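Peer 1: The following block contains the structure, expressed as structure tokens.
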Amino acid sequence: MNTSSDGIIEYDVLDFKNDCINVHCVNKDKDVRSNSTLRILDFNCKNILTCGPLFKELESKIDIFLLQEHWLYDCQLNLLQELHSDFTGTGKAVDSNDPIQPLHMPRGYGGVAILWKKNLDKLVTTLPIGNERIQCIELSGNQKLLFISIYLPCKSSDNHLNELYECIDQLHEIMEVYKTTHQIIIGGDFNENIFKENNSNRKNYILDFMSDHNLSTTEVGITYTHTSGISSSAIDYILYQEKFKDFIINIEKPDIISNVSDHLPILLQLKYEFPCINSVSQTQVTTHHKVKWNNIDRDRYKILVEEGIALLKVDPMNPNELDQAFQTLNHTLTKATLAVAPKKKKKIRKKKLQIMTENISQAISEKKIAFFQWKQNGRPPDPNHPLTIQKKITTSSLRKQCRIETALQRIQERQKIIDAGYNDPALFYSLIKKQRGRLSRFIEELTVDEEIFQSPENVMKGWNKHFGDLAKKSNNNSFDTIYLNSIEKEATHIINKFKELCLKYEINDLYAYLTNPLSKFQWKKLVKSKIHDYWTSKITDESKGYSTLKFMDHKYNIGSVHPLAISVNANLKDIRKIPVRLKISTGNYILQTHKASFSKNNFISPTCKLCGKADETVEHFILLCEKLEETRIPLLSKILDNGSLILAKVATSFPIDLIQLIINPFCYVDINANRAVFEETSNILEPLCRQLLYNMHNKRYALLANIDKQGSRKSNF
């Protein structure tokens with residue numbers, strides 16, 4: 001029996017059903033609700049990123065912001081949750097239906113958003129209705145509220161009238177769905193003065209919409225001033241339903257010092273009954289405990305019941321006294337039962353995460369942010385939706401991070417046990433005992449090879465002996481000898497293969513490395529250098545035996561591209577010249593002499609088809625063919641002039657071969673000896689040689705095509 005401050009007696013009612021006690025704790029307190037004022041600010045902010053001071057100024061004065069022209073793109077909408085620590089929100093961007101890539105974003109424009117205080121977050125639901133110019137949220141309570149932030153198109157576009165009609169038509173649909181169940185507030189930039197005496201189609205369409213749904217507004221004066229200061233107008237409004245007029249306290253233009261937009265905000269004060277979302281209301285809590293009567297102290301139970309019965313009135317005189325006596329008896333039985341019944345053991349709730357690190361904490365934060373964004377956008381069920389994918393990715397990342405940290409902790413614990421085994425036996429046994437957990441008390445005796453070990457210390461010695469024997473090679477009848485032999489052969493093959501590779505690449509001091517092992521980085525560096533040295537020497541030696549490579553200088557650097565295959569300018573024209581250049585320098589360019597050597601019975605003549613005066617060799621093609629003279633002379637003179645100036649800076653005792661200079665000018669230049677000359681060769685001389693060979697290649701094939709064409713005509717004739 002409990003007595004409240006008002007003198008009202010409250011009882012815990014006890015029912016006996018099937019040997020169970022059902023205790024109904026009745027809380028007589030009413031659900032406290034308070035009538036208060038909801039403050040809504042409608043504002044065309046013209047770049048929300050400049051409104052930090054405004055949010056700071058209004059942080060304690062405004063509950064909900066209806067915003068237009070936030071100038072954010074779809075990939076930036078998450079910034080709405082970061083503008084102020086006390087506010088969160090949602091919004092739509094001009095590219096919400098077709099998001100653009102972050103790398104191609106121009107200056108922002110347009111967009112709508114709604115921000116609300118975080119203490120209202122449990123009451124707010126984001127509604128995925130309307131196009132990219134309409135943002136809606138629902139506020140729960142005794143009377144549900146629907147807030148709509150809208151930004152109607154301006155008159156600058158050719159299609160502005162159709163766009164306005166589309167937005168108003170969508171507002172029609174929203175009103176038809178929600179007007180019977182919600183109090184609807186529409187705030188935004190209408191880009192039209194509905195109080196001005198004109199007969200425009202835009203104004204008439206907006207007024208017809210207001211008339212159809214019995215919407216009203218209050219004229220607050222000029223809300224927009226052009227940046228030039230020449231013109232001004234009233235184009236921002238807050239609309240409300242006429243039937244909820246009594247809930248409207250005031251609509252006005254507040255004086256805000258930190259406003260940097262060319263629009264003035266409009267403040268709506270609205271009567272709203274806030275539910276007490278923070279109070280814990282336990283109107284009825286029922287607990288069910290089955291009493292085990294075989295385990296209770298019956299004598300004590302009897303004494304407690306008799307003491308309670310002694311306090312009862314023997315002869316109740318009226319129904320109230322009878323009811324009070326019954327409730328007192330009921331309370332006595334409950335009290336006696338709870339006193340003698342065994343206490344139910346509380347289950348210790350295990351932590352969901354056995355380990356917490358900075359990485360896991362960061363992963364949890366990212367997962368919460370992804371879930372919040374997914375929730376604020378209406379919990380899209382589409383598995384291919386970007387927010388759904390991001391939510392799955394962050395969840396997977398958190399689980400992965402938990403597994404990684406758990407594995408690292410397990411490795412550290414094992415390493416700690418290994419280190420303690422050598423340095424601190426007491427700590428070693430303590431860690432082993434801790435790792436074995438509850439099972440440690442059951443192992444008091446251990447038998448290893450018919451030898452008995454007792455006491456924890458000796459048991460550990462037994463385990464040590466057992467696993468030590470397992471590590472030793474021995475012959476046992478229970479072993480799978482076939483599998484064992486195959487493993488030994490495989491191990492021997494791997495060792496022999498490793499020795500062959502070491503001998504091949506001249507890594508000889510293997511036993512020295514076993515005595516003084518190298519680090520991973522040192523070993524990789526050693527192996528890499530040995531392999532590079534081997535293949536550099538092998539390729540250089542073998543390339544000297546190929547006649548087709550006689551124009552190459554046989555200076556190869558493993559891992560780097562030969563300068564003949566590098567283009568100074570990364571354009572398509574220069575890149576197209578490289579294949580012809582490489583074919584000629586490596587002897588793979590097919591001339592008549594090559595065709596003749598490959599033909600059987602000498603059916604093909606090695607004579608040049610263009611001039612018919614000599615065999616078509618590389619020297620003839622580049623320097624001697626008369627048909628290519630016009631193509632050759634202009635560039636050849638430039639090559640001779642620039643080549644003389646560049647090679648004059650190189651100290652060499654070898655004579656300069658012109659054909660060698662054209663095919664591979666780098667054979668006369670060493671990058672290690674004179675880098676400046678090498679760069680001049682790459683930037684000046686090599687492009688001229690490459691252009692000459694490419695032009696002559698094109699001219700040769702053009703002439704050959706004409707010869708073949710003339711030959712086919714004669715044969716047809």
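The values are calculated or read from the model by the stated rules, or taken from the named source; none is laboratory data. The structure presented is a predicted model; accordingly, all values stated were derived computationally and were not measured. Every residue, glycine among them, receives a Cβ derived from its backbone with ideal geometry; neighbour counts consider all protein chains shown.
Peer 1: Is region 379-391 home to any residue that is modelled with pLDDT under 80 and either assigned by TED's automatic domain parsing to the domain that holds residue 80 or over 16 Å from the mean Cα position of the chain (by Cα) (or both)? Walk me through it before giving the result.
Peer 2: Kept after step one, since they are modelled with pLDDT under 80, are these residues of region 379-391: none.
No; the residues of region 379-391 include none that is modelled with pLDDT under 80 and either assigned by TED's automatic domain parsing to the domain that holds residue 80 or over 16 Å from the mean Cα position of the chain (by Cα) (or both).
Peer 1: Please work out which residue is modelled with the lowest pLDDT, limiting yourself to region 500-528 and to residues that are surrounded by 12 or more Cβ atoms within 10 Å (Cβ to Cβ) and either within 40 Å of the chain's Cα centre (by Cα) or basic (Lys, Arg) (or both).
Peer 2: Selected residue: 518.
Peer 1: Please work out if residue 649 is surrounded by 14 or more Cβ atoms within 10 Å (Cβ to Cβ) and of a type in the set (Lys, Arg). Write out each step before concluding.
Peer 2: Details: surrounded by 14 or more Cβ atoms within 10 Å (Cβ to Cβ): no; of a type in the set (Lys, Arg): yes.
So residue 649 fails the test.
Peer 1: For residues in region 618-629 being touching a residue at least 12 places away in the same chain (Cβ under 8 Å) and of a type outside the set (A, V, I, L, M), which is nearest to residue 707 (Cα to Cα)?
Peer 2: Looking only at region 618-629, we keep the residues that are touching a residue at least 12 places away in the same chain (Cβ under 8 Å), and these are 618-623, 625-628.
Restricting the remaining residues to those that are of a type outside the set (A, V, I, L, M) gives 619-621, 625-627.
Details: 619: 22, 620: 19, 621: 17, 625: 16, 626: 16, 627: 13 Å.
Per the criteria, the residue is 627.
Peer 1: Run residue 656 past the list (1) over 59 Å from the mean Cα position of the chain (by Cα); (2) part of a helix (DSSP H, G or I) and report the number of the one that doesn't hold.
Peer 2: So the condition that residue 656 fails would be (2).
Peer 1: Could we say that residue 656 is touching a residue at least 12 places away in the same chain (Cβ under 8 Å), in contact with a Cys (Cβ under 6 Å, 6 or more places away or on another chain) and within 24 Å of residue 583 (Cβ to Cβ) here?
Peer 2: Numbers: touching a residue at least 12 places away in the same chain (Cβ under 8 Å): yes; in contact with a Cys (Cβ under 6 Å, 6 or more places away or on another chain): no; within 24 Å of residue 583 (Cβ to Cβ): yes.
Spelling it out, it is not the case that residue 656 is touching a residue at least 12 places away in the same chain (Cβ under 8 Å), in contact with a Cys (Cβ under 6 Å, 6 or more places away or on another chain) and within 24 Å of residue 583 (Cβ to Cβ).
Peer 1: Something else: Six or more apart or on different chains, Cβ atoms under 6 Å: show the pairs whose first residue is in region 188-207 and surrounded by 13 or more Cβ atoms within 10 Å (Cβ to Cβ) and whose second is among the basic types (Lys, Arg).
Peer 2: Qualifying pairs under 6 Å: 192/202; 192/203; 194/203.
Peer 1: Within region 240-261, identify whether any single residue is over 22 Å from residue 38 (Cα atoms), surrounded by fewer than 10 Cβ atoms within 10 Å (Cβ to Cβ) and hydroxyl-bearing (Ser, Thr, Tyr), and answer yes or no.
Peer 2: No, region 240-261 contains no residue that is over 22 Å from residue 38 (Cα atoms), surrounded by fewer than 10 Cβ atoms within 10 Å (Cβ to Cβ) and hydroxyl-bearing (Ser, Thr, Tyr).
Peer 1: Do we have any residue at all in region 527-549 that's within 30 Å of residue 699 (Cβ to Cβ) and not in a helix (DSSP H, G or I)? Full working, then the answer.
Peer 2: Taking region 527-549 as the starting set, the residues that turn out to be within 30 Å of residue 699 (Cβ to Cβ) are 546-549.
From what is left, the residues that are not in a helix (DSSP H, G or I) are 546.
Among the residues of region 527-549, at least one is within 30 Å of residue 699 (Cβ to Cβ) and not in a helix (DSSP H, G or I), which makes the answer yes.
Peer 1: Another question about this same structure. Taking the condition exposed (fewer than 14 other Cβ atoms within 10 Å of the Cβ), modelled with pLDDT under 95 and on the phi > 0 side of the Ramachandran plot, does residue 31 pass?
Peer 2: Numbers: exposed (fewer than 14 other Cβ atoms within 10 Å of the Cβ): yes; modelled with pLDDT under 95: yes; on the phi > 0 side of the Ramachandran plot: no.
No.
Peer 1: Here's a follow-up. Please list, ordered by first then second residue, the pairs with beta carbon atoms under 9 Å, 6 or more apart or interchain, first in region 374-401 and surrounded by fewer than 13 Cβ atoms within 10 Å (Cβ to Cβ), second charged (D, E, K, R) and part of a helix (DSSP H, G or I).
Peer 2: Pairs found: 383/392.
Peer 1: Continuing with this model, one more query. Test residue 96 against the stated conditions and say whether it is closer than 17 Å to residue 267 by Cα and among the small types (Gly, Ala, Ser).
Peer 2: Working: closer than 17 Å to residue 267 by Cα: no; among the small types (Gly, Ala, Ser): yes.
When the stated conditions are applied, residue 96 does not pass them.
Peer 1: Are any residues in region 339-373 small (Gly, Ala, Ser) and more than 29 Å from residue 390 (Cα to Cα), and if so, which ones? Let's see the steps before the verdict.
Peer 2: Here is the first cut: in region 339-373, the ones small (Gly, Ala, Ser) are 339, 341, 361, 363, 365, 370.
If the condition is that a residue be small (Gly, Ala, Ser) and more than 29 Å from residue 390 (Cα to Cα), then 339, 341 are the ones that fit.
Peer 1: Being out of contact with any strand residue (DSSP E or B) (no Cβ under 8 Å at 6 or more places or on another chain), in the same structural domain as residue 681 (by TED's automatic domain parsing), free of Cβ contacts under 8 Å to residues at least 60 places away in the same chain and not in a helix (DSSP H, G or I) is the requirement here; does residue 643 meet it? Please lay out each step first, then the result.
Peer 2: On the way: out of contact with any strand residue (DSSP E or B) (no Cβ under 8 Å at 6 or more places or on another chain): yes; in the same structural domain as residue 681 (by TED's automatic domain parsing): yes; free of Cβ contacts under 8 Å to residues at least 60 places away in the same chain: yes; not in a helix (DSSP H, G or I): no.
Against the criterion (out of contact with any strand residue (DSSP E or B) (no Cβ under 8 Å at 6 or more places or on another chain), in the same structural domain as residue 681 (by TED's automatic domain parsing), free of Cβ contacts under 8 Å to residues at least 60 places away in the same chain and not in a helix (DSSP H, G or I)), residue 643 does not qualify.
Peer 1: Just need a number here: residues in region 671-713 that are in contact with a Phe, Trp or Tyr (Cβ under 7 Å, 6 or more places away or on another chain) and outside any helix (DSSP H, G or I).
Peer 2: Residues in region 671-713 being in contact with a Phe, Trp or Tyr (Cβ under 7 Å, 6 or more places away or on another chain) and outside any helix (DSSP H, G or I): 1 in total.
Peer 1: I need a count of the residues in region 592-608 that are in a loop (DSSP other than H, G, I, E, B) and modelled with pLDDT under 90. Lay out the reasoning, then the answer.
Peer 2: Of region 592-608, the ones in a loop (DSSP other than H, G, I, E, B) are 599-606, 608.
If we keep only those that are modelled with pLDDT under 90 as well, we get 599-606.
Matching residues across region 592-608 total 8.
Peer 1: How about region 662-675: which of its residues are modelled with pLDDT of 85 or more and either loosely packed, with under 11 Cβ neighbours inside 10 Å or under 20 Å from residue 591 (Cα atoms) (or both)?
Peer 2: 662, 663, 664
Peer 1: Turning to a different aspect of this structure: Of the conditions (1) surrounded by 14 or more Cβ atoms within 10 Å (Cβ to Cβ); (2) over 32 Å from the mean Cα position of the chain (by Cα), residue 406 clears all except one; give me its number.
Peer 2: Of the numbered conditions (1) surrounded by 14 or more Cβ atoms within 10 Å (Cβ to Cβ); (2) over 32 Å from the mean Cα position of the chain (by Cα), the odd one out for residue 406 is (2).
Peer 1: Is at least one residue of region 566-575 assigned by TED's automatic domain parsing to the domain that holds residue 669, in a helix (DSSP H, G or I) and surrounded by 11 or more Cβ atoms within 10 Å (Cβ to Cβ)? Walk me through how you get there before you give the answer.
Peer 2: Applying the first criterion (assigned by TED's automatic domain parsing to the domain that holds residue 669) to region 566-575 yields 566-575.
With in a helix (DSSP H, G or I) added as a condition, the list becomes 572-575.
The next check asks that each one be surrounded by 11 or more Cβ atoms within 10 Å (Cβ to Cβ); those that pass are 574-575.
Yes, there is a match, as at least one residue in region 566-575 is assigned by TED's automatic domain parsing to the domain that holds residue 669, in a helix (DSSP H, G or I) and surrounded by 11 or more Cβ atoms within 10 Å (Cβ to Cβ).
Peer 1: Let me ask you something else. Please list, ordered by residue number, the helices (runs of 4 or more DSSP H) wholly in region 404-509 having 2 or more residues that are among the charged types (D, E, K, R) and in the same structural domain as residue 529 (by TED's automatic domain parsing). Spell out how you get there, then give the answer.
Peer 2: Details: elements: 425-436, 455-471, 481-504.
Filter on region 404-509 gives 481-504.
Peer 1: Then there's this: Only one of (1) over 20 Å from residue 695 (Cα atoms); (2) assigned to a helix (DSSP H, G or I); (3) aliphatic (A, V, I, L, M) fails for residue 578. Which number is that?
Peer 2: Checking residue 578 against (1) over 20 Å from residue 695 (Cα atoms); (2) assigned to a helix (DSSP H, G or I); (3) aliphatic (A, V, I, L, M), the one that fails is (1).
Peer 1: Assess whether residue 588 counts as being under 23 Å from residue 690 (Cβ atoms) and touching a residue at least 40 places away in the same chain (Cβ under 8 Å).
Peer 2: Against the criterion (under 23 Å from residue 690 (Cβ atoms) and touching a residue at least 40 places away in the same chain (Cβ under 8 Å)), residue 588 qualifies.
Peer 1: Could you tell me whether region 161-174 includes any residue that is out of contact with any strand residue (DSSP E or B) (no Cβ under 8 Å at 6 or more places or on another chain), part of a loop (DSSP other than H, G, I, E, B) and of a type in the set (D, E, K, R)? Working first, answer last.
Peer 2: Residues of region 161-174 that are out of contact with any strand residue (DSSP E or B) (no Cβ under 8 Å at 6 or more places or on another chain), as a first pass: 161-166, 168-169, 172-173.
Cutting the leftovers down to part of a loop (DSSP other than H, G, I, E, B) gives us none.
No: region 161-174 contains no residue that is out of contact with any strand residue (DSSP E or B) (no Cβ under 8 Å at 6 or more places or on another chain), part of a loop (DSSP other than H, G, I, E, B) and of a type in the set (D, E, K, R).
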